[in-house]
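Read the structure below first, then the notes.
Just so it is clear, none of the values below were taken in a lab; they were calculated from the coordinates. Fair warning: this is a prediction, and the values are worked out from it, not measured in the lab. No Cβ is skipped: glycine too gets one built from the backbone with ideal geometry, and neighbour counts run over all protein chains shown.
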Amino acid sequence: MLKGKSAVVTGSTSGIGLGIARSLAAQGANVMINGFGDPADLERLRASMEKEFKVDVRFNAGDLSQGDACSTLIAETEAAFGRVDILVNNVGIQHVAPTQDFPVAKWDAILAINLSSYFHTIRAALPGMQARGWGRIINTASVHGLVGSIHKAAYVAAKHGVVGLTKVVALENAEANITCNAICPGWVKTPLVQPQIEARAALVGGNLLDGERSLVGEKQPSKRFSTPEDIGALAAFLCSEAAHNITGTTLPVDGGWTAQ
Ligand code: NAD
């Protein structure tokens with residue numbers, strides 16, 4: 001379905017981003033992965049994806065809290081594959097604390113990584129997409145782009161910002177055959193939520209499984225985690241021709257969380 005297309009997925013060495021990168025590669029796209037990790041492990045990951053999906057997979061280690069690293073990531077992808085057809089902004093971090101105690105450095109880092117990096121990559125990738133008259137931009141927002149939760153001031157502010165950015169980019173490029181959408185997951189079991197599982201487990205008696213059940217059951221009516229593969233499948237659909245008229249929208253994958 002995506003044979004010959006070129007994709008970049010930010011924050012894709014783990015979790016949801018890796019699920020999306022694998023899903024796009026499975027559809028035939030060449031993929032630039034980005035993120036942190038042990039260099040030997042990441043080289044094994046890159047090479048195993050190339051072998052499994054028979055596509056070109058490259059790796060960029062840029063720290064996307066820096067605007068320059070975001071534009072370099074797009075330039076590197078254009079140099080490697082000739083262009084960027086699909087941009088998936090997915091990088092994100094979390095910190096939980098009551099607003100009055102929220103560390104200022106954490107606020108700044110979350111805004112830079114979870115919101116500003118999305119602007120910087122989109123800004124760099126759009127001219128090429130506009131010149132070719134085809135593009136797919138997918139932003140991993142969150143249910144927290146749609147509703148709030150206590151102790152997540154920076155994360156909720158950044159994710160609401162991503163939803164706003166998504167709408168503006170969609171409107172500006174609607175006629176140019178470039179779509180821009182936000183996927184809004186509820187709970188997905190990845191390293192990002194592990195500290196929250198552990199904190200909840202400590203509150204409910206120490207058992208990790210009890211912690212998971214308590215955390216997910218509290219807000220997600222399905223009481224099931226989503227998987228990175230679930231999100232990857234939706235991203236691949238949004239890149240398909242069938243999705244050419246889906247733009248500027250938010251797609252919850254949240255087990256009913258935002259239906260309540
Ligand atoms: P994760 O921790 O598994 O993955 C985060 C990725 O980002 C990793 O590849 C990491 O190396 C990379 N990364 C972190 N900081 C970076 C930086 N400064 N520069 C470059 N790369 C960096 O997290 P995840 O749960 O897969 O989250 C991915 C996205 O999904 C985030 O935007 C997150 O907010 C969103 N999300 C997650 C959930 C969930 O329940 N896990 C729910 C809704 C939304």
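Brief remarks on what is shown
- Taking (1) touching an Asp or Glu at 6+ places or on another chain (Cβ under 8 Å); (2) away from the ligand (no atom under 16 Å from the Cβ); (3) closer than 23 Å to GLY161 by Cα; (4) not acidic (Asp, Glu) in turn, CYS184 satisfies each apart from (2).
- For beta carbons closer than 6 Å, sequence separation of 6+ or different chains, a first residue in segment 104-115 that is touching a residue at least 24 places away in the same chain (Cβ under 8 Å) and closer than 15 Å to GLY62 by Cα and a second that is assigned to a helix (DSSP H, G or I) and within 12 Å of the ligand (Cβ to nearest atom), the qualifying pairs are ASN114/ALA158.
This table checks each residue for (1) free of Cβ contacts under 8 Å to residues at least 24 places away in the same chain; (2) farther than 23 Å from ILE183 by Cα; (3) more than 8 Å from the ligand (Cβ to nearest atom); (4) not in a loop (DSSP other than H, G, I, E, B).
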{"position": "GLY17", "(1), (2), (3), (4)": "no, no, no, yes"}
{"position": "ARG22", "(1), (2), (3), (4)": "no, no, yes, yes"}
{"position": "ALA40", "(1), (2), (3), (4)": "yes, yes, yes, yes"}
{"position": "GLU43", "(1), (2), (3), (4)": "yes, yes, yes, yes"}
{"position": "GLU50", "(1), (2), (3), (4)": "yes, yes, yes, yes"}
{"position": "VAL55", "(1), (2), (3), (4)": "no, yes, yes, no"}
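- Residue under evaluation ASN173, criteria (1) under 21 Å from the mean Cα position of the chain (by Cα); (2) within 23 Å of GLY92 (Cβ to Cβ), criterion not met: (2)
- Residue list for segment 104-155, filter: assigned to a loop (DSSP other than H, G, I, E, B) and either near the ligand (Cβ under 10 Å from one of its atoms) or among the basic types (Lys, Arg) (or both): ALA141, SER142, LYS152
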